[in-house]
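Each remark here refers to the structure printed beneath this line.
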Amino acid sequence: MSQRIRELRVSDVMTTRPVTLGPEDTLIRAVEVMRLHGIRRIPIVFGERLVGVLTEGDLKRAQPSTLSDTQEEFDRVMEAFGGRVQLLTRPEPLRKEQ
């Protein structure tokens with residue numbers, strides 16, 4: 001491994017201004033935002049507090065009735081992710097890993 005890679009910090013490569021949504025946003029809105037920005041994860045914030053991360057896997061595991069009124073609409077949304085698409089149910093404070 002090169003010396004440069006060993007010296008890199010998370011802050012050197014992280015996204016500093018991520019696209020975020022709030023817990024009140026709809027799953028359909030999340031799908032739209034993911035497609036628009038070409039992203040697979042969205043931090044969910046309430047005020048300035050991170051309360052979760054919505055992933056394509058979360059959307060895939062959602063029941064069709066959660067995303068839409070019909071199976072056809074659910075299938076259309078999932079097709080946008082090529083069949084790929086966790087909702088955190090309880091806000092937890094951020095913890096710094098040691």
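Taking P23, is it at pLDDT 95 or above and exposed (fewer than 15 other Cβ atoms within 10 Å of the Cβ)? Spelling it out, it is not the case that P23 is at pLDDT 95 or above and exposed (fewer than 15 other Cβ atoms within 10 Å of the Cβ). Considering only the stretch 26-59, how many residues are part of a strand (DSSP E or B), of a type in the set (A, V, I, L, M, F, W, C) and either surrounded by 14 or more Cβ atoms within 10 Å (Cβ to Cβ) or within 12 Å of the chain's Cα centre (by Cα) (or both)? Final tally of qualifying residues: 7.
The values are calculated or read from the model by the stated rules, or taken from the named source; none is laboratory data. Bear in mind the structure is a predicted one, so any value in this text is a computation, not a measurement. Virtual Cβ from ideal backbone geometry, glycine too; neighbours counted across all protein chains shown.
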